[in-house]
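Visitor: Attaching a single structure in structure tokens format; questions to follow.
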Amino acid sequence: MYDHTSLTGLESDVRIVSGAWFTHHEHISVEQFVSELPLAYFQFEAHDCYEDPTHYEMDTLFRVFVLKELHGWEHETALYEYLESHPVLCERLGLETVPDQSTLWRSWHTRFTNALRNTVQKSARTILIKAQNADVTVPREPEQILPARGDDVDEAVPDDRAILSTSQSLLVETSAC
């Protein structure tokens, strides 16, 4: 349905996979979900503004920045400090070394396209909602995004209820197989 560089496809996959993931009683951690989210199929190169070889892979950085957004940290320093103090998480994320604060800042502000940054933010919000709906502890409340008064609501963009309904329908269909 989507090509391997489609951010819309990636967002959809995060929505569907997280909806199914958090229904299992042993899946009680958003960090575990982020570290195990299947991303091998996605081709991040189209959204990587760097042309030269780098130390950190885009899929790893994607996971790291989803983690940052899950916690709602404004700056990379908080992310760096958190990663430094959680070596097991770093191992699960595939980090041999923790990127320093300036590397994290450059990756987010220079290496990632604006569209990829938006996808990270949407993915984190989706994960928070799916986890919270399954009574999984979340690091912060998901931000409520409501259309401004007088704005047209984009019918092509489903709201949280539509997403939940679709996810539940997919779960029912897959369990019937």
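Visitor: If you check every pair at least six apart or on different chains, which have Cβ atoms under 7 Å apart with a residue in the range 70-85 that is within 20 Å of K122 (Cα to Cα) first and a residue that is in a loop (DSSP other than H, G, I, E, B) second?
Guide: L70/P139; H71/P139; H71/R140; G72/R140; L79/W73
Visitor: For residues in the range 120-136 being farther than 21 Å from E81 by Cα and of a type outside the set (A, V, I, L, M, F, W, C), which is most open to solvent (accessible area, probe 1.4 Å)?
Guide: Initially, the range 120-136 is screened for residues farther than 21 Å from E81 by Cα, giving 122-123, 125-136.
Next, from what is left, pick out any that are of a type outside the set (A, V, I, L, M, F, W, C): 122-123, 125-126, 130, 132-133, 135.
On the way: K122: 110, S123: 3, R125: 45, T126: 25, K130: 16, Q132: 62, N133: 89, D135: 142 Å².
Within the range 120-136, the match that is most open to solvent (accessible area, probe 1.4 Å) is D135.
The values are calculated or read from the model by the stated rules, or taken from the named source; none is laboratory data. Note that the structure is predicted; figures quoted are calculated from it, not measured. Positions of Cβ are backbone-derived with ideal geometry, glycine not excepted, and every protein chain shown enters the neighbour counts. What goes into the accessible areas is simple: the full protein's heavy atoms, side chains included, and nothing from ligands, DNA or RNA. Shrake-Rupley method; radii C 1.70, N 1.55, O 1.52, S 1.80 Å.
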